[in-house]
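Notes to accompany the following structure.
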Protein chains: 2
Amino acid sequence: MRMYGEFDFIESIRDMFARMPKNGFEGIGDDCAVLPIGDEALVFTSDMLNEGVHFLTDKSTAYQIGYKSLMVNISDVAAMGAKPVATLLSLALPQERFGEWSADFMKGYHAASKKYGVKLVGGDTTKSESGVYVSVTAIGRAPMANIKRRSGAKSGDVIMVTGELGASAVGLRDVLEGKLTTRNAKIHLQPQAHVLEGEWLGRQECVHAMCDVSDGVASDLQHILDESKKSAVISSLPGAKGTTWDDAFGGGEDYKLLLTVDKRYADDLARRFEAEFGKPIYIIGRVVKPNYDVYHIGIEQENGKVVYSSAGWGGYTHF
Amino acid sequence: MRMYGEFDFIESIRDMFARMPKNGFEGIGDDCAVLPIGDEALVFTSDMLNEGVHFLTDKSTAYQIGYKSLMVNISDVAAMGAKPVATLLSLALPQERFGEWSADFMKGYHAASKKYGVKLVGGDTTKSESGVYVSVTAIGRAPMANIKRRSGAKSGDVIMVTGELGASAVGLRDVLEGKLTTRNAKIHLQPQAHVLEGEWLGRQECVHAMCDVSDGVASDLQHILDESKKSAVISSLPGAKGTTWDDAFGGGEDYKLLLTVDKRYADDLARRFEAEFGKPIYIIGRVVKPNYDVYHIGIEQENGKVVYSSAGWGGYTHF
């Protein structure tokens, strides 16, 4: 659940509904809401993508927008350790977008869905006065024991990420400069969620906490720390080719998975991950005991010193 | 699942996904998608409400829009015989709507949710360039045996509706004339879904088919007939005070429940419904065998003759 805009508004919504019965749902604070049914868990997430805020129709193809709309939602399901099984899609389009544009959008949405066997089971199509609005709800399933939360990190855990970081941030700059076909622009416009990785990591007991990197490591790791009441030290980041530290640390929309792992099993997990997926998982730091009630990210320097920012490291905002 | 606009587009979506595995979900064609889990069923529906298409912000209060956004979605859950338990809400607002307007919207959404104990479990808030866009996904639960579909109607079934019809159509005319506080305008702007009625009817084995009246009886009964491969004869309609036949038959957004009932138990059901809810359920006609493969609605005249329209009776379109 990502919220933009008025934080007071979001807080007031949480307060309003906090007093209501939970109807079997578990508390908020994760990428998805969780409904346990027997030994199983169903997980739910909704994200909205809007023209002018999340994409520009003169910079993205309809196919790319459809593809991305599915991927960003199933990334949240993967971040829980669950398998995405279905989506509902609501689409508001200006009249002139019905036809070729809407058909291309659906081709992209379908291609992304088919890649992971995610069924479209419902939704709504309506006209908008202006602008394209896409709202997706994704549903995932997993054994209850597999569900990973942001709140599970323990002091001493090793922090890992499932792929290189920062390419999407560079890609966004390329896109805004009109370079729509660079390697990084394509990564930004048509991201790949780590769906199989998330499901596999869900089955690993040594994974204590997990989320996806949608707003940037600086922001998403902070959510894990806040929910787990811990601090962290970052020692290195796997920046993609041509990225700066800031791209890798603060850039958003990489859709890799960020996790904390019991340190006794970290090396073994990394070995097995590479054997399973034919690519490395990266160790980027460690979870540490917080000072008082402040949950910080520290950056380890080459000389071994750790630098904290009292103001936080800043998040990622869509253009 | 209501779809507007390009019907070719919707057909192409269905074709695209028809070839994919169902992941445990049952086929489409009802108010909700159904996921059986053991003896239980989970049901899912998404509807989008947009400024300029589904409401006008100078005619509806923010509270009313919030209230209605919840009600129209849980009406679809009730139509399946299920109990709504949770929603996800995605909201795109122009910058100037954050503040008083968004707070009032949430008060209405919360009041409607609280009335039936429906928890808000996720969603997204984002800016829009112009216009208010509301997307709600509602989740319901029921014993699998309680789930009612559009496809269950049998020849000889009695057709019933859970309340008076047409007030919302009259209310819409009032609203468009600027009369925002008439009784019917309020019914249109702040509808009440038949949530408890739906759950109760779900438990009655003699109810064979059900849907809600969102597009008007003429249109919604036709969906039941198409899915059940039957025809129907309408003998009378419980028009609300001040409504015409056309309002009651073709007017939309009444959010009553429309059902077909085994004729042997129809009188008993009507008696028990009135005892349970302190208000009548109305018998409006009967399901009949179709001629060939054409599924018609006939209107029974005072002289006993039945008039069919070969072109269908026309549906309801939002302004």
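Taken together, the values in this text are just the output of simple stated rules run on the coordinates, not laboratory data. What you are looking at is a predicted structure, and each value in this text was computed from that prediction instead of being measured. Cβ atoms come from the backbone with ideal geometry, glycine included; neighbour counts cover every protein chain shown.
Where the only charges are on Cβ atoms (+1 Lys, Arg; -1 Asp, Glu), what is the dipole of the range B:150-308 about its Cα centre, to the nearest 20 debye? Don't skip to the answer; put the middle values down first.
On the way: 19 positive and 24 negative charges, 51 e Å.
Dipole magnitude for the range B:150-308 comes out near 240 debye.
Please list, in order, the residues from the range B:70-92 whose amide nitrogen is less than 19 Å from a point placed 7 Å along the Cα→Cβ vector of B:A145.
What the label zone holds, given the 19 Å backbone N cut-off, is B:80-83.
In percent, how large is the relative contact order of chain A, given Cα pairs closer than 8 Å and 6 or more residues apart?
Values: 724 pairs, mean separation 64.4, N = 319.
Once divided by the residue count of chain A, the mean separation gives 20 percent.
Within 10 Å of each Cβ in peptide A:16-24, how many partner chain Cβ atoms are there on average? Round it to a whole number, please. Mind showing how you got there, number by number?
Working: counts 9, 10, 0, 2, 7, 5, 4, 10, 4.
Average neighbour count from other chains, rounded to a whole number: 6.
Averaged over A:37-46, how many beta carbons belonging to a partner chain fall within 10 Å of each residue's beta carbon? It would help to have the intermediate numbers written out before the result.
On the way: counts 5, 3, 0, 2, 0, 4, 1, 9, 6, 12.
Shielding by partners across A:37-46 averages 4.
Relative contact order for the range B:113-202 using alpha-carbon pairs under 8 Å, separation at least 6, rounded to a whole percent?
On the way: 36 pairs, mean separation 19.9, N = 90.
With pairs under 8 Å counted, the relative contact order is 22 percent.
With n ≥ 4 as the cut-off for DSSP H runs, can you work out [θ] at 222 nm for chain B, using -39500 (n - 2.57) per run divided by the number of residues, rounded to the nearest 500?
Working: 9 runs with 100 residues, N = 319.
Roughly -9500 deg cm²/dmol at 222 nm, from the helical runs in chain B.
How far, in nm to one decimal, is B:G29 from itself in the other copies if the label point is set 7 angstrom along Cα toward Cβ? Shortest first, please.
Result, one decimal in nm: 4.6.
Do any GluC sites (Glu not before Pro) in the range B:69-130 lie in a loop, going by DSSP, with at most 14 other beta-carbon atoms within 10 Å of their beta carbon, and if so which?
Numbers: sites: B:E96, B:E100, B:E129; in loops: B:E129.
Those that pass, being in a loop and sparsely packed, are B:E129.
Within straight cross-link reach of A:K305, meaning Cα distance under 26 Å, which lysines are found once same-chain residues fewer than 8 apart are removed?
A:K154, A:K229, A:K230, A:K263, A:K289
Which lysines does A:K59 reach when only Cα atoms under 21 Å apart count, and residues fewer than 8 places away in its own chain are ignored?
Here the lysines satisfying the reach criterion relative to A:K59 are A:K68, A:K107, A:K179, A:K186, B:K127.
Using alpha carbon centroids, what distance separates the range A:62-93 and the range B:254-269, in Å?
Each part's Cα centre sits 39 Å from the other's.
How large is Rg/Rh for the protein assembly as shown, to two decimals, with Cα atoms and a Kirkwood Rh? Mind showing how you got there, number by number?
Values: Rg = 25.9 Å, Rh = 25.7 Å.
With Rg and the Kirkwood Rh in hand, the quotient comes to 1.01.
For a bin width of 5 Å, list the pair-distance distribution of the range B:102-201 built from all Cα-Cα distances, rounded to whole %.
Histogram of Cα-Cα distances, whole percents per bin: 2, 8, 13, 15, 18, 18, 13, 8, 3, 1, 0.
I'm checking a number: the convex hull volume of the Cα atoms of the range A:150-308, normalised per residue, in Å³. What is it? It would help to have the intermediate numbers written out before the result.
On the way: hull volume 17.6 nm³, N = 159.
Looking at the range A:150-308, the number lands at 111 Å³ per residue.
Project the alpha carbons of the range A:78-127 onto their principal axes and report the range along each, largest first, in whole Å.
So the extents along the principal axes, rounded to whole Å, are 40, 17, 17.
What residue among A:A240, A:Y265, A:V195 has its Cα farthest toward the positive end of the dipole of chain A, where the charges are +1 on Lys, Arg and -1 on Asp, Glu, each on the Cβ?
Farthest along the dipole direction, towards plus: A:Y265.
For B:D293, project a label point 7 Å along Cα to C-beta. Then give me every residue of the range B:7-31 with its amide nitrogen under 11 Å of that point.
Answer for the range B:7-31: none.
Across the residues of A:49-62, average count of Cβ atoms on other protein chains within 10 Å? Kindly include the intermediate steps, with their values, before the conclusion.
Details: counts 4, 8, 3, 4, 5, 2, 0, 0, 0, 0, 0, 0, 0, 0.
Counting Cβ atoms of other protein chains within 10 Å of each residue's Cβ and averaging gives 2.
So for each of B:157-164, B:85-92, A:231-238, A:186-193 I average, over its residues, the number of other beta carbons within 10 Å; can you give me the resulting order with the highest mean first?
Working: B:157-164: 23.4, B:85-92: 27.1, A:231-238: 18.9, A:186-193: 21.6.
In decreasing order of mean packing, B:157-164, B:85-92, A:231-238, A:186-193 become B:85-92, B:157-164, A:186-193, A:231-238.
Two decimals is fine: what's Rg over Rh for the range A:40-183, C-alpha atoms, Kirkwood radius as Rh?
Details: Rg = 17.0 Å, Rh = 16.7 Å.
We get a ratio of 1.02 for the range A:40-183.
Using the basic label-point model (7 angstrom from Cα toward the beta carbon), what is the A:D58 to B:K22 distance in nanometres?
Taking the two extended label points, one gets 4.7 nm.
Which FRET efficiency value, to the nearest 0.05, is calculated for A:A275 and A:E302 with the Förster distance at 30 angstrom and r the Cβ-Cβ distance? Please list the in-between numbers first.
Working: r = 32 Å, r/R0 = 1.06.
Calculated transfer efficiency: 0.40.
Shortest first, in nm, what separates the label point of A:K229 from those of the same position in the other copies (7 Å along Cα→Cβ)?
6.2
Hey, what did the range B:203-298 get for relative contact order, percent, Cα under 8 Å, at least 6 apart?
Values: 142 pairs, mean separation 42.9, N = 96.
So the answer I get is 45 percent.
What is the dipole size for the protein assembly as shown, taken about its Cα centre, with +1 at each Lys and Arg Cβ and -1 at each Asp and Glu Cβ, in debye to the nearest 20?
Values: 70 positive and 84 negative charges, 219 e Å.
So the magnitude is around 1040 debye.
Given that compact globular proteins tend to follow 2.2 N^0.38 Å, what is the ratio of the alpha-carbon Rg of chain B to that value?
On the way: Rg = 19.3 Å, N = 319, 2.2 N^0.38 = 19.7 Å.
So the Cα radius of gyration is 0.98 times the expected 2.2 N^0.38 Å.
Calculate the FRET efficiency for A:L176 and A:E100 from the Cβ-Cβ distance with a Förster distance of 25 Å, rounded to the nearest 0.05.
Numbers: r = 25 Å, r/R0 = 1.02.
Efficiency at R0 = 25 Å is approximately 0.50.
Report, in debye and to the nearest 20, how large the dipole of chain B comes out about its Cα centre when Lys and Arg carry +1 and Asp and Glu carry -1 on their Cβ.
680
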